[in-house]
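Engineer: The following block contains the structure, expressed as structure tokens.
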Amino acid sequence: MRPISWRHFDFWLLGAVAFLTIFGVTMISSAIAGNIELVEANTVVKQIIFASIGFVIMILTAMIDYRYWGALSTILFIVTFGALVVLILIGSALFGSNRWFVVGPILVQPSEFAKITIILIQANYLSQRIDEIKKPRIILQSLLITLAIVSLIIIQPDLSTSIVILVLWFAIVWASGLDVKQLLITAGSGALVLGIGLPILLLNYDPTNTESLIKPYQIDRIVNFLFPNEQASYGANYNVQQALISIGDGGWFGQGYGSGTQVQLRFLKVRHSDFIFSALSEEFGFFGAVLVIGLLAFIIARCLRAARVSSDTFGALIAYGVATLFTFQTIVNIGMNLKLLPVTGLTLPFVSAGGSSLMTLFIGIGLVESINLRHKDLEF
């Protein structure tokens, strides 16, 4: 193990993350200013606390040689699996889902940290078998490891996070060296499972059964996306309509910080988390939205750079996994704000309110910085 050389630290990446995090806090403050609701109490303070702790954890993660996490990945998997099992048994049900441990005023969501666990264990498992990656047995074993976590998250229920984890698995397996034929077979198998499983779930759906695997609000989101009711005065479709109005109100340069009418008059719901992209678009306009998207793209590009200069396959796969996490959440969050995708609970990285999500993202950046600190050659 080589000593740390801080001149290899990616300060450009750190700067982009810091800017987005600070911008996110100020945007959350504007989104709830004068309109504090019960579920939003102390949101800004909590976000600042989580961001501060997150920066410390990011630096500590960067200081630890990422290769140590390979040896600990199995333990992390067992801990994550156990936490999800305990959550199902004793976790607190909020907003129709059993996803959180309540620790005083803080909600801890284990499924968020499961994203990092999957990245680490898959990167470790596949990097050790890189010469066998084209064997179906290796791919199947890798998938079964992922499904063990996904099955527990679906039960909560949390379909969006389950999809994120499956996307992470697919991206890491692909980055491991799957050829086009195997890639198509893997994607086709997934589509077949989805094509068979989704109709079965829908046929067995019972809105009166609280133990049903698929929940009423999930059905409503799908129906509202496919067959929107333009006259709806509440629900997911109403939220999306208000999001589109907010984005349109922003114009080129926005209405100004704290001056967005849709936001300040509370027409836009969940404006501090799911629909914060619409809120910032109204206040900072097209150019503000493009700036945020550009910074997120820059962060993703720096993660991909870390994968390229990594000294080993394990580090490269971690960086690819983190880049995939940021990319997928960004696309889905902005897509649902623009009515291009169904409404989900995925956050806009570093901007949306959410403690567990923010901590997960900081850990991901810390892992990428750890790879940068120990890469093979210095590049600019």
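The values are calculated or read from the model by the stated rules, or taken from the named source; none is laboratory data. Just so we're clear, the structure is a prediction, and the values are computed from it rather than from any experiment. We place every Cβ from the backbone using ideal geometry, glycine too, and count neighbours over all the protein chains shown.
Engineer: Return the residues of segment 43-94 that are more than 20 Å from the chain's Cα centre (by Cα), surrounded by fewer than 16 Cβ atoms within 10 Å (Cβ to Cβ) and farther than 30 Å from Ala316 by Cβ; say none if nothing qualifies.
Structural biologist: Val45, Val85, Val86, Ile88, Leu89, Ile90, Ser92, Ala93
Engineer: Report the residue count in segment 56-78 for those that are at pLDDT 90 or above and in contact with a Ser or Thr (Cβ under 8 Å, 6 or more places away or on another chain).
Structural biologist: 8
Engineer: Among the helices (runs of 4 or more DSSP H) contained in segment 107-176, which hold 1 or more residues that are under 24 Å from Ala71 (Cα atoms) and basic (Lys, Arg)?
Structural biologist: Filter on segment 107-176 gives 110-127, 136-155.
Engineer: Also, I was wondering about something else. In segment 261-280, what count of residues is obtained for those that are small (Gly, Ala, Ser) and surrounded by fewer than 24 Cβ atoms within 10 Å (Cβ to Cβ)?
Structural biologist: Of the residues in that region, 1 qualify.
Engineer: Of all residues in segment 309-333 being without any contact (Cβ under 8 Å) to a residue 60 or more places away in the chain and within 26 Å of Tyr68 (Cβ to Cβ), which is surrounded by the most Cβ atoms within 10 Å (Cβ to Cβ)?
Structural biologist: Ala319
Engineer: Out of all the residues in segment 334-347, which are surrounded by 24 or more Cβ atoms within 10 Å (Cβ to Cβ) and either in contact with a Gly (Cβ under 8 Å, 6 or more places away or on another chain) or under 16 Å from Leu367 (Cα atoms) (or both)?
Structural biologist: Thr347
Engineer: Follow-up. Can you tell me which residues in segment 345-368 are under 11 Å from the mean Cα position of the chain (by Cα) and of a type in the set (Val, Ile, Thr)?
Structural biologist: The answer is Thr347, Thr360.
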